[in-house]
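Undergrad: One structure is given below, represented as structure tokens, and several questions about it will come after.
Only the coordinates and a few stated rules stand behind these numbers; no lab work does. The shown structure was predicted, so the numbers you read here are calculated from the model rather than taken from an experiment. Cβ: placed from backbone, ideal geometry, glycine included. Neighbour counts: every protein chain shown.
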Amino acid sequence: MRAGPTRRRVALALASITAFSLALAGCAADETVKIDVPTQVDAAFPEATATQLQDAVTHAMTAAGASGAIVGVWAPWSGTLVTGMGVESPGGDEPVTDDMEFRVAQVSRAMTCDLLYKVADEGMVRVNDPVTTWVSGFPDLADVTLAELCDSTSGIGSYSTQLSGLFLSNPTRVWNPRELASYGLGQPRQGEPGAAYRDSDAGYVLLGVALERATGRSAAELLQDYVVDPLDLTATSLPTDAAAEPSTTEPVLTGHHSLRDAAGAMNCAEPLDLTSLSASSGYTDSGVVSNIRDLGRYTQALAAGALDPKGSDRFKNPVQMPNAPSWYLVGGGTVRPGSLIGQFGAVPGYATAAFSDRASGLTVAVVLNNSGGGPYFAEQLALELAAIASKAPAGAGETTPEAGLPWTAQQYHDLITASTICAAPPA
């Protein structure tokens, strides 16, 4: 016989109190989580590989109208490239440096799913709880589970396509997550829950609300305790709702967004400056800020399952990414091209992508400081960089991994060229 809603709520509340009390008593592990990937050689890439990587970034910057980029590429058997490229603003002379902080966009989704599975492991929720167990006011979501919100298979729509103009014209506005979600829920549902992928920022916002309700703690606090502290991340957080730059204490990458002029051409010479933004517009879908080293380390941990509870089925049933090759899957708050796992996206000011391979440890993270072209420039650049780095020669005593990626660097280079929004980049 199934327990009624009241009994379940009481049981879960007691579990929450117990888990929280244990944490206060010091019973929770506070040691750094080990990331089980091959040891990184302490060397730069060979000159030819480094040049190829940097040329790819320059090409994508030009195509996307980005004056600057920050890139991190780690190939454990060969070398490392971590660098800032370009300048802060078009026509400026302030160089981009590799320690600057920025918004990680939809990489936040993977972190929100980390929270779901950690909180579930402590008994505060169940991943298959209906959304309505924790979020009131949306009775039509009784057939949608928290896991389906994480997988983006709920069938719920998105809010960003409807609100993008407001985000650009009024970046300082503070948004209530339930209001954001309502825009996605106002669209017709697609398919049965769990059946197929549908990009849904509203789903990740609802998941954040549910986790806050279940634990009695803010999403920012949960992120700090379950992701940031265990991985020793030094620049990663979910900011407060007040409009601000990505960091108030560290260097910040200026964020831009190009708009079309009266003639319909993209104005890449004078983009909007959207460095200061209320993180509430992204919340647990895309509100997190970080730097390139933290982003690389987090993505390695994600691919290695370093934060996933033992026995977690988070990645058990991935689904096909629509309009993508058969080797491009999604699930657990991540996208999975080939053997890589990660996430990508764009928020006003920034386009970001990060991917890692569990077996080889190959990891790529990149941010472009113009979101006018959407999220795909960052994704395509990251996959181009991964293809280049996967062929990097092995250092002394090392071996190049045998497994390859099901695409070439040239394929994604050509996609970037074909998608250019500004002056045509060099071939």
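Undergrad: Would you mind telling me which residue in 272, 146, 163 has the biggest mean-square fluctuation in a Gaussian network model of the chain, where springs connect alpha carbons within a distance under 10 angstrom?
TA: Greatest mean-square fluctuation among the candidates belongs to 163.
Undergrad: Where the centroid of each part is defined by its Cα atoms, how far is segment 247-278 from segment 41-55 in Å?
TA: Cα centroid of segment 247-278 versus Cα centroid of segment 41-55: 30 Å apart.
Undergrad: Report, in listed order, any pair from 118/391; 34/316; 34/310; 34/118 with a Cα-Cα distance greater than 24 Å. List each step's numbers first, then the result.
TA: Numbers: 118/391 36 Å; 34/316 22 Å; 34/310 14 Å; 34/118 16 Å.
Long pairs (Cα-Cα over 24 Å): 118/391.
Undergrad: Here's another thing I want to ask about it. Charges only on Cβ, +1 for Lys and Arg, -1 for Asp and Glu: so what's the dipole of the chain about the Cα centre, in debye to the nearest 20?
TA: Details: 24 positive and 45 negative charges, 307 e Å.
With Lys and Arg at +1 and Asp and Glu at -1, about 1480 debye.
Undergrad: Let me have the relative contact order for the chain, percent, based on Cα pairs under 8 Å that are six or more residues apart. Could you put the intermediate results ahead of the total?
TA: Working: 960 pairs, mean separation 103.4, N = 427.
Computed over the chain, the figure is 24 percent.
Undergrad: Tell me which DSSP H helices of the chain clear both cut-offs, 15 Å or more of axial length from alpha-carbon atoms and a mean Kyte-Doolittle hydropathy of at least 0.5.
TA: Details: long enough: 5-24 (28 Å, 0.88); 47-64 (26 Å, 0.04); 107-121 (22 Å, 0.39); 201-215 (22 Å, 0.73); 292-304 (18 Å, -0.07); 376-390 (21 Å, 1.01).
Both cut-offs are met by 5-24, 201-215, 376-390.
Undergrad: Let me ask something else about it. Take 344, 138, 167 and order them by how many other Cβ atoms sit within 10 Å, fewest up front.
TA: Ordered from fewest to most neighbouring Cβ atoms within 10 Å, 344, 138, 167 come out as 138, 167, 344.
Undergrad: Run the numbers on segment 141-294 and let me know its relative contact order in percent, using alpha-carbon pairs under 8 Å that are six or more apart. Before the final figure, lay out the partial values.
TA: Values: 248 pairs, mean separation 41.2, N = 154.
Over segment 141-294, the number comes to 27 percent.
Undergrad: Please list the non-local residues whose amide H lies under 5 Å from the amide H of residue 87, H modeled 1.01 Å from N, same-chain partners needing a gap of 5 or more.
TA: Those lying under 5 Å, H to H, from residue 87 are 68, 96.
Undergrad: For segment 188-200, just list the computed ³J(HN,Hα) in residue order, Karplus coefficients 6.51, -1.76 and 1.60, θ = phi - 60°, integers in Hz, with x standing in for Gly and Pro.
TA: x, 5, 10, x, 7, x, x, 7, 7, 6, 9, 4, 8
Undergrad: So, one more: For segment 37-418, count the residues as N, evaluate 2.2 N^0.38 Å, and divide the Cα radius of gyration by that value, please. Could the numbers behind the result be given before it?
TA: On the way: Rg = 19.7 Å, N = 382, 2.2 N^0.38 = 21.1 Å.
Working it through for segment 37-418, the quotient is 0.93.
Undergrad: Turning to a different aspect of this structure: Search the structure for amide H atoms under 5 Å from the amide H of residue 307, placed 1.01 Å from N in the peptide plane, and list their residues when 5 or more places away or on another chain.
TA: Residues meeting the criterion, in which the H sits 1.01 Å from N, do not exist here.
Undergrad: Just to check I understand the Karplus step: with θ = phi - 60° and J = 6.51 cos²θ - 1.76 cosθ + 1.60, what whole-Hz values come out for segment 138-143, glycine and proline as x?
TA: 10, x, 6, 9, 5, 9
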